[in-house]
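Notes for the one structure printed next.
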Amino acid sequence: MKISILGTGHVGKALAAGWAGAGHDVVLGSRRPDDPDLRAELAERWGERIRVADPASAAADAEVVVNATPGTASVAALSAVGTPALRGKVLLDVGVGFDAEGNLSHLVESLGEEIQRTFPDTRVVKTLCTIDRELMVAPDSLEGPSTVFLSGDDADAKRTVAGLLADLGWPADSVLDLGGIATARGQEHYALLFMGIAEAIGSYGFGIRVVPPAVRD
């Protein structure tokens with residue numbers, strides 16, 4: 001598939017490497033597409049496998065657009081790309097917003113919901129925001145299985161995203177569909193517990209697992 005990843009931070013680069021390695025056509029959308037340092041880094045690490053362009057150009061021909069921008073800037077970044085360029089496309093949203101004090105910026109309406117409301121003709125799916133970037137592309141790095149979540153109103157879009165998760169190594173039984181895009185609130189609010197766990201164990205490299213009740217006769 002043609003995948004456009006908006007954002008060239010650690011998350012965007014990790015996902016780009018993962019999907020490019022799985023054979024997808026990946027382009028990073030950057031506000032600094034001609035930055036020589038960025039281009040040199042991409043060329044050194046991945047050669048010609050990952051391209052970089054301005055966000056609008058990156059999204060123009062993509063089948064899937066990935067929002068890997070900071071959550072407080074995501075809607076503005078997507079608005080700069082433009083509604084026509086996003087219409088009908090699957091938008092995989094991994095963003096979580098924090099304010100200057102480190103508090104969640106979206107307390108009532110999630111970022112995923114805000115994006116869906118702002119771009120009603122775009123098929124938004126929230127996922128991957130409950131784990132660190134390294135685990136996103138290496139789910140087998142843990143001692144046991146972990147769970148990743150889907151939130152979105154479009155069933156076909158969620159199937160597409162589930163396929164992209166499989167390409168990153170996530171088995172089908174590790175993917176839990178929570179329901180509509182309103183359930184993205186739970187995914188994003190988990191960030192507070194995530195930070196608490198990370199501080200307690202001294203690592204961001206962990207997952208969580210939804211364990212169902214035992215079946216009893």
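The values are calculated or read from the model by the stated rules, or taken from the named source; none is laboratory data. None of the values given here were measured: they were computed from a predicted structure. Note: ideal-geometry Cβ built from the backbone for every residue, glycine included; neighbour counts use all protein chains shown. The protein model used for the area step is the full one, side chains on, heavy atoms only, and it has no ligands, DNA or RNA in it. Shrake-Rupley method; radii C 1.70, N 1.55, O 1.52, S 1.80 Å.
List every residue pair whose Cβ atoms sit under 6 Å apart, with the two residues 6 or more apart in sequence or on different chains, where the first one lies in segment 201-217 and is closer than 12 Å to L135 by Cα and the second, anywhere, is among the small types (G, A, S).
Between residues of segment 201-217 that are closer than 12 Å to L135 by Cα and residues that are among the small types (G, A, S), the close pairs are Y204/A198; G207/S146.
Any residue at all in segment 94-111 that is among the acidic types (D, E) and crowded, with 16+ Cβ neighbours inside 10 Å? Walk me through it before giving the result.
Residues of segment 94-111 that are among the acidic types (D, E), as a first pass: 99, 101, 109.
Then drop every residue that is not crowded, with 16+ Cβ neighbours inside 10 Å, which leaves none.
No, because not a single residue in segment 94-111 is among the acidic types (D, E) and crowded, with 16+ Cβ neighbours inside 10 Å.
Is it the case, given these coordinates, that A166 is open to solvent by less than 40 Å² (accessible area, probe 1.4 Å) and part of a helix (DSSP H, G or I)?
Values: open to solvent by less than 40 Å² (accessible area, probe 1.4 Å): no; part of a helix (DSSP H, G or I): yes.
Considered against the rule, which asks whether it is open to solvent by less than 40 Å² (accessible area, probe 1.4 Å) and part of a helix (DSSP H, G or I), A166 comes out as no.
So, in segment 22-77, exactly how many residues are part of a strand (DSSP E or B), free of Cβ contacts under 8 Å to residues at least 60 places away in the same chain and under 15 Å from the mean Cα position of the chain (by Cα)? Before the answer, list the steps.
Here is the first cut: in segment 22-77, the residues part of a strand (DSSP E or B) are 25-29, 50-53, 64-67.
Then keep just the ones that are free of Cβ contacts under 8 Å to residues at least 60 places away in the same chain; that gives 25-29, 50-53.
Those still in the list that are under 15 Å from the mean Cα position of the chain (by Cα) too: 26-29.
Number satisfying all stated conditions: 4.
Scan segment 10-49 for residues that are of a type outside the set (K, R), surrounded by fewer than 20 Cβ atoms within 10 Å (Cβ to Cβ) and at pLDDT below 90 and report the count.
13
Confirm whether A80 is part of a helix (DSSP H, G or I), surrounded by 19 or more Cβ atoms within 10 Å (Cβ to Cβ), out of contact with any helix residue (DSSP H, G or I) (no Cβ under 6 Å at 6 or more places or on another chain) and among the small types (G, A, S).
Values: part of a helix (DSSP H, G or I): yes; surrounded by 19 or more Cβ atoms within 10 Å (Cβ to Cβ): no; out of contact with any helix residue (DSSP H, G or I) (no Cβ under 6 Å at 6 or more places or on another chain): yes; among the small types (G, A, S): yes.
In short, no.
Select from segment 174-217 the residues that are modelled with pLDDT of 95 or more, open to solvent by 50 Å² or more (accessible area, probe 1.4 Å) and either at positive phi or of a type in the set (D, E) (or both) and list them in ascending order.
D177, E199, G202
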